[in-house]
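Read the structure below first, then the notes.
The values are calculated or read from the model by the stated rules, or taken from the named source; none is laboratory data. It should be emphasised that the depicted structure is a prediction, and the values quoted were computed from it without experimental measurement. Using ideal geometry, Cβ is built from the backbone for each residue, glycine included, and neighbour counts are taken over all protein chains shown. Ligands, DNA and RNA are stripped out before the accessible areas are found, and what is left, the full protein with its side chains, is counted by its heavy atoms. Shrake-Rupley method; radii C 1.70, N 1.55, O 1.52, S 1.80 Å.
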Amino acid sequence: MATSVQTERIQVEPRDVAPSSPLIPDAELNEATPLAEPGTAAAGATDAPQVMLPKVYYGDAELPKPVARMRAQLLEAAHSGDMERLRMVLEGNELLPTLTFGEMDDPIDYLKSASGDEDGYEILAILAEVLEAGYVHADVGSSQEMYIWPYFARTPFDRLTPEQRVELFQLVTAGDMADMNLTGTWTFYRLGIGPDGTMHYFVAGD
């Protein structure tokens, strides 16, 4: 379900920006083929190092049990169509996840206000679609280690395969994509869960 959403501009921390690609932090590259050593170049390459793509996973087979459990709880709440079931998941989290970088009193009231309908069904559908997309395991071994959905949030748009572009347009519209291409930054919803199963954020913006 491609849909346009209202997004916020947020400050991206410098650690998330690699000089050769705005979408892949250096620590994440331990999930992919290493970059060439300084002073060397692959055949046919320029002097600039080539950024390798992060590995994309699907489903929950590769997830740690706590992460898989949180994902399953969120999906169950989303598919139920009941925002109060989502409230139970959020309030049962170790901490209240970031849903906005602005002011927020009640998480469910906020999500309903961000939805295209007053009952929050659109936001539940987006939550489900985001979690059913592929994900990346980012910043492995660091204090910022995270499982991030969808993987487009950490993958250069110009490196997407035709099959991946079809996946992308299941989440966003061509208009959304045109705007994101201007900055090379994923501004649609993304969700992060730590290795211990704590949900850290579900936000839109750049």
Just one of the numbered conditions (1) touching a helix residue (DSSP H, G or I) at 6+ places or on another chain (Cβ under 6 Å); (2) at pLDDT 95 or above; (3) over 16 Å from Ile123 (Cα atoms); (4) not β-branched (Val, Ile, Thr) is not true of Leu86; which one? (3)
Hey, Tyr147 closer than 19 Å to Leu96 by Cα and open to solvent by less than 40 Å² (accessible area, probe 1.4 Å) or not: yes
Exactly one of (1) modelled with pLDDT of 95 or more; (2) under 28 Å from Pro66 (Cα atoms); (3) over 13 Å from the mean Cα position of the chain (by Cα) is unmet by Glu163. Its number? (2)
Exactly one of Ala153, Ala125 is open to solvent by 10 Å² or more (accessible area, probe 1.4 Å), in contact with a strand residue (DSSP E or B) (Cβ under 8 Å, 6 or more places away or on another chain), part of a helix (DSSP H, G or I) and within 23 Å of Gln73 (Cβ to Cβ), and that one is Ala153
Within the stretch 109-122, of all residues that are surrounded by 17 or more Cβ atoms within 10 Å (Cβ to Cβ) and touching a residue at least 60 places away in the same chain (Cβ under 8 Å), the one farthest from Leu63 (Cα to Cα) is Ala114
Qualifying residues in the stretch 67-108 (those that are under 16 Å from Val203 (Cβ atoms) and without any contact (Cβ under 8 Å) to a residue 24 or more places away in the chain) - the one surrounded by the fewest Cβ atoms within 10 Å (Cβ to Cβ): Glu103
Look at Val140 and say whether it is open to solvent by 20 Å² or more (accessible area, probe 1.4 Å) and among the hydrophobic types (A, V, I, L, M, F, W, C). yes
Would you mention how many residues in the stretch 169-195 are open to solvent by less than 10 Å² (accessible area, probe 1.4 Å) and either over 19 Å from Leu75 (Cβ atoms) or over 16 Å from the mean Cα position of the chain (by Cα) (or both)? 3
Does Gln164 fit the bill of being of a type in the set (S, T, N, Q) and closer than 20 Å to Ser115 by Cβ? no
By residue number, the members of the stretch 92-112 that are of a type outside the set (A, V, I, L, M) and within 21 Å of the chain's Cα centre (by Cα) are Asn93, Glu94, Pro97, Thr98, Thr100, Phe101, Gly102, Pro107, Tyr110, Lys112
Mind checking which residues of the stretch 156-168 are open to solvent by less than 50 Å² (accessible area, probe 1.4 Å) and aliphatic (A, V, I, L, M)? Leu160, Leu168
